[in-house]
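Structure first, commentary second.
Just so you know, all these numbers are worked out from the coordinates, no wet-lab data involved. No experiment lies behind these values; they were computed from the predicted model shown. Here the Cβ is made from the backbone with ideal geometry for all residues, glycine too, and neighbour counts use every protein chain on show.
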Amino acid sequence: MQSAKTASELSALAYRLRRNVLEMIGVGKAGHLGGSNSLAEIVATLYFSRMRFDPKNIHDPDRDRFLLSKGHAVLIQYSALVELGVISRDEVPKVKTLAGILQGHPDMAKTPGIEAVTGSLGQGLSIGVGMALGLRLDGRSSRVYVIMGDGELAEGQLWESAMAAARFKVDNLTAFLDRNSIQATGPVKDIFEIPAIEEKWIAFGWNVILIDGHNPTEILSALDSAEKVKGKPSLIIANTVKGKGVSFAENTAAFHNGILTKELYEKALSDVDSVSLALANGTEVRK
Amino acid sequence: MTAAKNLREAYGQALVELGRKDRNVVALEADLRNSTRSVLFYNEFPDRYFEMGIAEQNMTSTAAGLALAGKIPFVHSFAVFCAGRAYDQLRNSICVPRLKVRICGSSAGLSDYGDGKTHQAIEDMSIMRALPNMTVLCPADGIEMTKMMEASVDWDGPIYFRVNRNELPFVTPEDEPYHIGKMTTVHEGTDVAIFACGVMVSRGIEAAKALAAEGVSVRVINASTVKPFDVDTAIELSRGVKAIVVAEEHTIIGGLGSAVVEALRSVTHAPVQFVGIEDSFGLSAENYEILLDHFGLTAAAIIGAARELLDGRTPAGNGREKVVSR
């Protein structure tokens, strides 16, 4: 179990993760910056404050499980695993190279700490439901956390698994919807808007909670309330900013999987570092 | 009288046995429990049985999750949906991480004779064979079905069971040990080698007996492990024969025939002919026999193919008269 952290400590950790993501992408190499950075506070809160996950015993059968159904955002998970010492920092510049262990999408065979193979969108929630059922059969109290993207919601399989999760009452599963409102080729509202998302999940039998996905206090309290709900799974709809923390990448599809020039890379690092500095000084950051 | 057993029934009973031996065995079903006979497991282990509804994609990835939590899930549907509807889930959720998931492709081949093209899996072995890490098993009779299930306990990675819907005559000896990955000779001979799987093994034996009456000595091989293919034994059993025939209830593209030729590709070997479905979908028919006859999946076709090769004839189109079911 990670020690409980304050909200401001978690915010600072989130920016450390964002910096790791940038270092992984580097210069001249495509990387999923936008959808990784929108998740930084959620991932930081889960890994550093909430999940039962011992970096020294990553196969503990009683651990909580973290699954990225939106597998393309795996850089943010790698970043957390680097901070925890599960992945060596030497791997950071070797992302998506033959010499490295950090694949373009989550690969259990290559990377320690990865719990499933995801990346073909729509499958992660089903996998999470299966894990939750298996853990429940064994009488374990482990929880399963699954993170989905809002563009991903167009995948029919997600709705199949939403129905199954409710039908089997898997209350040891909490899903997040990273609602950053931008998908690969443009704003969700222009590409494939899905109306009444909250209402749909409620109608499908889920407990639904809405939060600001960049506010660790809200994330923690949503996780608390999800855990208290018995007999149904919970969905935390997290409103987020795609590319959060990197000024030119915020709210744009251009850096869903963009390439950074030297200039943009330097600018991105300085954006992230300036917030980190402000957080360290206890200065309120508002952009 | 030849004894026979329904393969689905043999499967369902074997699954229950596995469930008794190992509490980690769980089953998932897509509303076909009476057909697939997973109902037998449901009756005995309702807490380890997940009726997933008619949602094969979710069922398949859910099985991955169960495997990741230490369970040994058996996924059930018709073969055509296991291989087709849930292909990407099989590929990415299960085969990439090489999970210990078992897929029961029931009513495979043309064995669901009444339901027609949409329900008859004629390409499932090609699809499954192409997936890295997948094991593909096609039992010839109920005895082998049961042994395969027992042997699967110690087999790592995903397994696809191609399960016929009907009664098939016993062709495999009850007392012979079974190993996944091995092929066995079920009829000895020296002039012709017939590689077959599933329902075509009994037809191969029938052909061998008819040819023996004409003085042609035929070896029939039950190649029930279609993948990983027993390459060394295939080469060994092909050595010295004058003709090789591969018989399968499947499209000739990518199935057992392909596996045999892949195995023999680096050695000099006798000419090979395929008895299978010539690039077409199935059809509805009044019974299984009529449908197999319609597609030329018969002992007569095997005999014809062997004679053609022995006579050195290579008919136009490299094969029998084509059956096209459009």
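Put simply, the C-alpha atoms of chain B give a gyration tensor, and the ellipsoid matching it has half-axes of 33, 20, 18 Å, longest first. Our coupling estimate for region B:88-93, obtained by passing each phi through the Karplus curve with A = 6.51, B = -1.76, C = 1.60 and θ = phi - 60°, is 5, 5, 4, 5, 8, 6 Hz, Gly and Pro reported as x. Near A:Arg65, the amide H atoms lying under 5 Å from its own belong to A:Arg143, A:Val144, A:Tyr145; only residues 5 or more places off or on other chains count, and H is placed 1.01 Å from N. Sorted from longest to shortest, the spans of the Cα atoms of region B:4-169 along the three principal axes equal 38, 31, 28 Å.
Here the contact order of chain A, divided by its residue count and restricted to Cα pairs under 8 Å and six or more residues apart, works out to 24 percent.
Shielding of peptide A:164-172 by partners, expressed as the average count of other chain Cβ atoms within 10 Å per residue Cβ, is 2. Taken over region A:1-115, the ratio of Cα radius of gyration to 2.2 N^0.38 Å equals 0.99. Here the contact order of region B:184-310, divided by its residue count and restricted to Cα pairs under 8 Å and six or more residues apart, works out to 29 percent. Histogrammed with a bin width of 10 Å, the alpha carbon distances of the protein assembly as shown distribute as 3, 16, 23, 20, 15, 12, 7, 2, 0, 0 percent, first bin at zero.
For the pair region B:256-291 / region A:226-277, the C-alpha centres are spaced 54 Å from each other. With the simple model of a label 7 Å out from the Cα in the direction of the Cβ, A:Arg167 to A:Lys228 spans 3.1 nm.
Each peptide in A:36-43, A:274-281 receives the mean, over its residues, of other Cβ atoms within 10 Å, and ordering these scores from highest gives A:36-43, A:274-281. What the Cβ-Cβ distance of B:Glu174 and A:His59 gives, at R0 = 45 Å and to the nearest 0.05, is a FRET efficiency of 0.60. For chain B, B:Cys82, B:Cys95, B:Cys104 stand unpaired, since no other cysteine beta carbon lies under 4.7 Å from theirs. DSSP beta bridges confined to chain A are antiparallel in about 10 percent of cases. For chain A, report the translational diffusion coefficient in µm²/s to the nearest whole number, using Stokes-Einstein at 25 °C, 0.890 mPa s, and a Kirkwood Rh over Cα pairs. Answer, rounded: 131 µm²/s.
Mean partner shielding of peptide A:130-141, defined as the number of other chain Cβ atoms within 10 Å of each residue Cβ, is 6. For the pair A:Ile202 and A:Ser221 in one chain, pulling the backbone fully straight at 0.36 nm per residue adds 4.9 nm over the alpha carbon distance. Amide H contacts under 5 Å for B:Gln273: B:Ile244, B:Val245, B:Val246, restricted to partners 5 or more places along the chain or on a different chain, H placed in the peptide plane at 1.01 Å from N. Adding -39500 (n - 2.57) for every DSSP H run of four residues or longer, then dividing by how many residues chain A holds, sets the calculated 222 nm ellipticity at -11500 deg cm²/dmol. For region B:189-257, with equal point scatterers placed on the C-alpha atoms only and solvent neglected, what are the log10 I(q)/I(0) values from the Debye formula at q = 0.12, 0.22, 0.23 1/Å, to two decimals? Taken in order of the listed q values, log10 I(q)/I(0) reads -0.29, -0.93, -1.00. Rounded to whole numbers, the Karplus 3J(HN,Hα) couplings from phi for region A:51-68 are 6, 7, 8, 9, x, 8, 9, 6, 9, 3, x, 8, 6, 7, 10, 10, 10, 9 Hz, using 6.51 cos²θ - 1.76 cosθ + 1.60 with θ = phi - 60°, and x at Gly and Pro. Full extension of the segment from B:Asp232 to B:Glu188, taken as 0.36 nm per residue of separation minus the current Cα-Cα distance, would add 14.0 nm. Across region A:77-156, the fraction of Cα-Cα pairs farther apart than 16 Å, rounded to a whole number, is 60%. Cross-link partners for B:Lys117 among the lysines, with Cα-Cα distance under 21 Å and sequence neighbours closer than 8 places in the same chain left out: B:Lys322. Take the Cα of B:Val153, go 7 Å toward its beta carbon, and the backbone nitrogen atoms of region B:6-35 under 16 Å from that spot belong to B:13-26. The label-point distance for B:Glu167 and A:Ala184, in a model that sets each label 7 Å from Cα toward Cβ, rounds to 5.3 nm. If R0 equals 45 Å, the separation of the Cβ atoms of B:Ile54 and A:Lys267 corresponds to a calculated FRET efficiency of about 0.30. Put the Cα centre of region B:168-190 next to the Cα centre of region A:46-102 and the gap is 48 Å.
Across chain B, the mean sequence separation of Cα contacts (distance under 8 Å, 6 or more residues apart), normalised by length, yields a relative contact order of 16 percent. Coupling constants for region A:198-210 follow from the phi torsions by the Karplus curve (6.51 cos²θ - 1.76 cosθ + 1.60, θ = phi - 60°), and in residue order they are 4, 4, 4, 5, 5, 5, 7, x, 9, 7, 10, 10, 9 Hz; glycine and proline get x. Subtracting the Cα-Cα distance of B:Arg313 and B:Ala3 from 0.36 nm times their residue separation leaves 107.9 nm of extension gain.
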